[in-house]
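Just so you know, all these numbers are worked out from the coordinates, no wet-lab data involved. Please read these numbers as outputs of a predicted model, since none were measured by experiment. Using ideal geometry, Cβ is built from the backbone for each residue, glycine included, and neighbour counts are taken over all protein chains shown.
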Amino acid sequence: MPYCHRSVASRPGCIMALTPSSNPQALLNAQLELWHHTFGFVKSMALKSALDLGIADAIHAHGGTATLPQIVTRIKLHESRFRYLRRLMRVLTVTGVFSVELSVNGGEHVYGLTPVSRLLVGSPNVAPFLTLILDSVFVSPFLGLGEWFQHVMPEEPSLFKAAHGQDLWDFTGRDAKFAKLFDNGMVADSDFAMDIVIKECGDVFHGITSLIDVAGGLGGATQVISKAFPDIKCSVLDLSHVVASAPTGTDVTYIAGDMFESIPSSNAVFLKWVLHDWGEAECVKILRNCKKAIPPRDAGGKPDSGKLRVSVVRQASWSRFFLPVPLHRGLMPTSRLLANSANLTPILSLMLDGVSVTPFLRLGDWFQHELPDPTLFKMTHGQNLWDFTARDTNFGMLFGDGMVADSAFAMDIVINEYGNIFNGVSSLIDVAGGLGGSRVRPSRRLGFGYNRRPNRNLEDRKNRTETSGMTERPPLSKAFPRVQCNVLDLPHVVVGAPTGTHVKYIVGDMFESIPSADVVFLKVILSN
Ligand SMILES: C[S@@+](CC[C@H](N)C(=O)[O-])C[C@H]1O[C@@H](n2cnc3c(N)ncnc32)[C@H](O)[C@@H]1O
């Protein structure tokens, strides 16, 4: 299939690229891949709560393997959460953070450390670095990434500043708690990486008599260099609030300063995790100051220092943070599901919305604290999901549209593959059925800016479904026109339901009673 840009989609050969496969298995595989990308954050959030709870330490303290009852003796956990810990451990074992030996004869599963979780205990220990990266201060800006691409920021284009109103260095300068998390995280990363650098690439330090670690934080890297090469006079340059917390009584000298102004003179300049933070112009400025800092050879500079000599130790590039994926051209089966008829964009937008994602940032807290209502959603948003969708109209619509998209996709396959289960049915009640899988034709809603949640209200929604005349009949009712299909849901959902579709929408509470019908249908209900 030739590479196909959307703007040329009407050319012969390109239409195919936008059309989802009609093979149900291929569709389900593509949907599964999208679920993997969408729920990928659950893996990071499970790891975050393992760090918050100290699960690796608990297993380590127990000799490297432990059952759940043994783990809970060593972590802070509210007793009501015990049964949920098993679920958390399931995610953490499936993702390889811990190993599990399944119980035989009803005994307890035994969890163990893996090469991955061994890095979270003892030394070297990367837990402080991961805790930093998974902190909500760093994670939450990513929820606005799509919006950031669309909006022109007045001056500073960083995603961090767009989310927090100040750049990372001002933020760390003002928030002492986050600064500590940041600096300790960087030290942990340095302890881990520099041992390997010195073992594998130690020759880059030979012949050096003095070294300045520019923007070196608390000097984690330099402390390792200084111990390995005691003849090198090592210094660290960083901002004054960082230097104020630097360790004392070591051979390393800490200097408060600004690398954009000047860098103290030294035989060699060391930069780790610095240039990636800055744009091209700033990097040129930093490197010019680095060059100025190294004296000419006859004045003691390192050979070749007339030209800035750069030794780059490659630790990782960003692409290595992700699993290798084959490079494809054009729309792949997964992205075809984000276009045209089988459009899963609304359900993915719902799952990846800040309202849905942010509760997971507090999963560790939730395990520890006693709360009257146990849901993570309520702990974060102060009300349960259904009250929230009733009160926040925008989120309510995102929710309704998301579930409709999911139903439209899944029900086509269910009807094609398992349609015979509906034979002989004359009436059906779709319990907590939302909008009943009824959808408005895509051209009206999809496309650029869909995710930006325009300030829609229920009146918009009714207009959209009633007066546009574009409502499609819900899949079940369309496939089985002789079946009287009814949908039961809460009042704020039914008020936005489409009319004129042969489906009857009934306001009610499934915990009180369910209207009588030949068949009761439940989709994505009991999971809640
Ligand atoms: C990502 S950290 C890297 C720290 C250290 N190099 C490491 O790898 O552990 C970036 C550092 O840049 C420092 N920094 C930011 N702006 C600076 C400036 N204008 N002058 C000196 N240091 C600066 C921050 O305080 C922070 O310690």
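Give, as a single signed number, the net charge of other residues whose beta carbon lies under 11 Å from the beta carbon of L51, with Lys and Arg counted +1 and Asp and Glu -1. So the surrounding residues net to -2.
Measuring between their Cα centroids, the range 335-396 and the range 224-275 lie 44 Å from each other. Spin-label model, A390 to L159: label points 7 Å out along the Cα-to-beta-carbon direction sit 3.6 nm apart.
Counted residue by residue at 0.36 nm each, then reduced by the alpha carbon distance between them, the extension gain from D167 to H369 reaches 69.5 nm. Of all lysines in the structure, the ones whose alpha carbon falls short of 28 Å from that of K378, not counting any fewer than 8 places away in one chain, are K43, K48, K76, K177, K523. Label point of W278 set 7 angstrom out along Cα-Cβ; within the range 169-212, amide nitrogens under 14 Å from it belong to 169.
A Förster distance of 56 Å, applied to the separation of the beta-carbon atoms of N416 and D258, puts the FRET efficiency at 0.30. ³J(HN,Hα) across the range 165-173 via Karplus (A = 6.51, B = -1.76, C = 1.60, θ = phi - 60°), whole Hz, x for Gly/Pro? In residue order, the calculated couplings are x, 7, 7, 4, 6, 5, 4, 5, x Hz.
If R0 equals 56 Å, the separation of the Cβ atoms of H151 and N105 corresponds to a calculated FRET efficiency of about 0.40. Taken along the Cα-to-beta-carbon direction at a fixed 7 Å, the label points for K227 and C201 span 2.1 nm. Over the range 41-148, the Kirkwood radius and the radius of gyration, each from Cα atoms, give a ratio Rg/Rh of 1.01. Take each peptide in 110-120, 83-93, 239-249, count the other Cβ atoms within 10 Å of every residue, and average; sorted highest first, the result is 110-120, 83-93, 239-249.
Listed values for the range 275-292 are Karplus-derived 3J(HN,Hα) couplings in whole Hz (6.51 cos²θ - 1.76 cosθ + 1.60, θ = phi - 60°), namely 4, 5, 7, 10, x, 4, 4, 5, 4, 4, 4, 4, 5, 4, 5, 4, 4, 4, and x replaces Gly and Pro.
Judged by the mean number of other Cβ atoms found within 10 Å, the most tightly packed of the peptides 161-174, 206-219, 277-290 leads the ranking 206-219, 161-174, 277-290. The charge dipole of the range 348-406, taken about its Cα centre with unit charges on the Cβ atoms of Lys, Arg (+1), Asp and Glu (-1) only, comes to about 80 debye. Centre-to-centre separation between the Cα atoms of the range 500-521 and those of the range 116-193: 48 Å. Straight-line cross-link reach from K233 at under 16 Å between alpha-carbon atoms covers these lysines, not counting any fewer than eight positions away in the same chain: K302. Stokes-Einstein diffusion for the range 155-195 at 25 °C, viscosity 0.890 mPa s, with a Kirkwood radius from C-alpha pairs, works out to 215 µm²/s.
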